[in-house]
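Each remark here refers to the structure printed beneath this line.
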Amino acid sequence: MNATKVLFGLGVLLSCAVIPTASFAQAASDNPSVTTQLTGAKTIVAKIKRDAVQMESYSRAGGPSWKTHGSALEKIKADVNELQENMRGLQSHRTVASPWQQGAIDRITGLANDLATNMNAAIDRLNKSKNPATPPYPEYLKANTRIATDLADEVDATIDYGQNKAKVDSLGKQLDSPSN
């Protein structure tokens, strides 16, 4: 999945370099508020991913008690709630974002919502069974790790794309400058 994203990003960047710069003048400018929100999301998602990986390792090792699992899940849930607040901020900027930023907001928000839903399901399951080894609880932990990883990759790719797009746009303007 990561290789596909990288190839897609490189393809888009290459096409941006080949497309005449007149089309850049017509494109909506990127919204810096979206970039700021994404940078904030990156930090939160990194914490969630780290904690989700640790939680998944607990389930494989037979790990700690269900109470320890519950405490760790509550910590992750607090971070997921912080991320949801960040997503609301992103959504509030969606109407003034550039088209590519709007698509990124939609993808990232969808993954964040999936993570919140799965996190709540894991907590509910653990609270019902009081046993971290009882299925489907371990599968919820695996899914949390997968979703958090996908979300981190998507946020990183979006930030990288925005930075690279800005560089390409700047170079295109330099090439079109009458002083050259």
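The values are calculated or read from the model by the stated rules, or taken from the named source; none is laboratory data. Just so you know, these numbers come straight off a predicted model, no measurement behind them. Virtual Cβ from ideal backbone geometry, glycine too; neighbours counted across all protein chains shown.
For segment 25-34, indicate whether the set of residues that are part of a helix (DSSP H, G or I), at pLDDT below 90 and not basic (Lys, Arg) is non-empty. Yes, there is a match, as at least one residue in segment 25-34 is part of a helix (DSSP H, G or I), at pLDDT below 90 and not basic (Lys, Arg).
Being at pLDDT 95 or above, surrounded by 11 or more Cβ atoms within 10 Å (Cβ to Cβ) and at negative phi holds for only one residue in 52, 72, and it is 52.
Within segment 95-138, take every residue that is among the basic types (Lys, Arg) and exposed (fewer than 14 other Cβ atoms within 10 Å of the Cβ) and give me the one that is modelled with the highest pLDDT. Filtering first and then ranking leaves 128.
Quick one: is residue 14 hydrophobic (A, V, I, L, M, F, W, C) and either modelled with pLDDT of 90 or more or under 14 Å from the mean Cα position of the chain (by Cα) (or both)?
On the way: hydrophobic (A, V, I, L, M, F, W, C): yes; either modelled with pLDDT of 90 or more or under 14 Å from the mean Cα position of the chain (by Cα) (or both): no.
Judged against the criteria, residue 14 is not a match.
Kindly indicate whether any position in segment 156-163 is surrounded by 13 or more Cβ atoms within 10 Å (Cβ to Cβ), within 18 Å of the chain's Cα centre (by Cα), in a helix (DSSP H, G or I) and of a type in the set (Phe, Trp, Tyr).
Let us first name the residues in segment 156-163 that are surrounded by 13 or more Cβ atoms within 10 Å (Cβ to Cβ), namely 156-162.
With the extra rule that they be within 18 Å of the chain's Cα centre (by Cα), the set shrinks to 156-162.
From what's left, in a helix (DSSP H, G or I): 156-162.
Retained after the next criterion (residues that are of a type in the set (Phe, Trp, Tyr)): 161.
The answer is yes; a qualifying residue exists.
If you scan segment 114-142, which residues turn out to be assigned to a loop (DSSP other than H, G, I, E, B) and out of contact with any His (no Cβ under 7 Å at 6 or more places or on another chain)? Once the filter is applied, which keeps residues that are assigned to a loop (DSSP other than H, G, I, E, B) and out of contact with any His (no Cβ under 7 Å at 6 or more places or on another chain), segment 114-142 yields 130, 131, 133, 134, 135, 136. Residues of segment 54-84 that are touching a residue at least 40 places away in the same chain (Cβ under 8 Å) and within 21 Å of residue 159 (Cβ to Cβ): 83 alone.
Can you find a residue that is within 19 Å of residue 34 (Cα to Cα) and hydroxyl-bearing (Ser, Thr, Tyr) anywhere in segment 126-143?
As a first pass, look at segment 126-143 and keep what is within 19 Å of residue 34 (Cα to Cα): none.
Looking through segment 126-143, none of the residues is within 19 Å of residue 34 (Cα to Cα) and hydroxyl-bearing (Ser, Thr, Tyr).
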